[in-house]
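Accompanying notes for the structure given below.
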Amino acid sequence: MENKKAYVITGPTSGIGYETALELAKHGTVILVGRSKEKLQQVEKTIQQAGQNAVSIVCDISDMTSVKHAAQKIIDLKLPLAGLLNNAGIMPQKATKSAQGWDMTFATNHLGTFALTEALAPYLSESANVVNIASAIEDPERKPAKIMGMKGGQYISAEASARGEWKKGGTKLAGIDAYATSKQCVLASTLAFSRENERLRFIAVEPGITAGTGLGAGDTPAFLRAIFGFIFRYMPPFSKYSSTPKKSAIVITKILTDTSNKTGIYFDEKGQPMRGSELAHDIKFQDRVVSETHALLAKYKIKLVAANER
């Protein structure tokens, strides 16, 4: 009997996203959301060759107008949306700007995730799971991060983050403050939505230290990626938190397709509940991130699809 459930996944053309798309296809139609039409078609073809179903939607998740259009295309498919996986993410060393002139890392990792979630939420099936890929880098007390000299999220405000501004005293590693802050906002928003929305289930996942994801690959020398890949996978204490795209895909798919109605949980790379930073768990901070993100999107007239407009 054909499985009529459908799952939306962003960033499905490489790394964890690619492996998860293939794994998710075993459970229903996969709606592939990504920037490259050609790469999306390749993934779609691979899934179809396995006798499963996939649909491609071209979208630049850092561009809020593109997100709006993609959300409408997904809604127009009229498929029973059983889950949303916000997987797309970047960690470039050099700061660049999105179509709206926002910091590319913050726009991609947080604003795009936030906008797509809000646009699709009214159309997701009852008790559907919304899974957001977070990162333990947001926690200044996380052991591997501390060893590397990382200081966690450096959030000032949504507008400051969009301008690429972070609190002083952060890490000296290029691009890390932007990434950690964006992922702290992802976690905080996930926990806030889990409190506010009783119809859906909101979950965050830390995929572990995972080689082969492509994060920051565009501006990091190959030899450095190889060295750090070896250190992170095989040397303590990093090896404790290591994973692979395939292992992550199995964990994420299990969480996304779970029907036990769990919500407001942050899972680690092994699928076990974990604790994020104290700040991300602070309800006042969560509400501030959500309200300031709403205000930022509204100020720039990023109008999302609303249930009462259909």
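The values are calculated or read from the model by the stated rules, or taken from the named source; none is laboratory data. Remember, it's a predicted structure, so these values are computed and weren't measured experimentally. Neighbour counts run over all protein chains shown; Cβ positions are idealised from the backbone, glycine included.
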Exercise. Given the structure, is VAL8 in a helix (DSSP H, G or I) and either touching a Cys at 6+ places or on another chain (Cβ under 6 Å) or of a type in the set (A, V, I, L, M, F, W, C) (or both)?
Worked result: no
For this session: Could you tell me whether ILE47 is crowded, with 17+ Cβ neighbours inside 10 Å, over 21 Å from the mean Cα position of the chain (by Cα) and part of a helix (DSSP H, G or I)?
Result: yes
Problem set entry | Every residue from the range 150-180 that is closer than 12 Å to GLN93 by Cα and either buried (at least 17 other Cβ atoms within 10 Å of the Cβ) or among the β-branched types (Val, Ile, Thr) (or both) | GLY175, ILE176, ASP177, ALA178, TYR179
Problem set entry | Enumeration of residues in the range 256-289 that are loosely packed, with under 15 Cβ neighbours inside 10 Å and among the aromatic types (Phe, Trp, Tyr) | none
Exercise. If you go through the range 1-22, how many residues are surrounded by fewer than 21 Cβ atoms within 10 Å (Cβ to Cβ) and closer than 23 Å to SER127 by Cβ?
Worked result: 5
Exercise. So how many residues does the range 87-141 have that are among the hydrophobic types (A, V, I, L, M, F, W, C), under 17 Å from VAL8 (Cα atoms) and out of contact with any Ser or Thr (no Cβ under 8 Å at 6 or more places or on another chain)?
Worked result: 8
Exercise. Is it the case that the range 208-224 has a residue that's crowded, with 18+ Cβ neighbours inside 10 Å, modelled with pLDDT under 55, in a helix (DSSP H, G or I) and over 19 Å from the mean Cα position of the chain (by Cα)?
Worked result: no
Problem set entry | Cross-chain or 6+ apart pairs with Cβ under 6 Å, the range 76-91 first and more than 23 Å from SER260 (Cβ to Cβ), then in a loop (DSSP other than H, G, I, E, B) and not polar (S, T, N, Q) | ALA88/GLY11; ALA88/ILE61; MET91/GLY175; MET91/LEU215; MET91/GLY216
For this session: Can you give me the ranges of the helices (runs of 4 or more DSSP H) entirely in the range 128-207 with at least 3 residues that are touching a Gly at 6+ places or on another chain (Cβ under 7 Å) and in contact (Cβ under 8 Å) with a residue 24 or more places away in the chain?
Result: 176-196
For this session: Residue by residue through the range 23-43, note down the ones that are of a type in the set (Ser, Thr, Tyr) and surrounded by 23 or more Cβ atoms within 10 Å (Cβ to Cβ).
Result: THR29
For this session: Mind listing whichever residues of the range 12-41 are within 17 Å of ILE255 (Cα to Cα) and among the charged types (D, E, K, R)?
Result: GLU19, GLU23, LYS26
Exercise. Does GLY83 satisfy the criteria of being surrounded by 19 or more Cβ atoms within 10 Å (Cβ to Cβ), under 30 Å from VAL30 (Cβ atoms) and within 11 Å of the chain's Cα centre (by Cα)?
Worked result: no
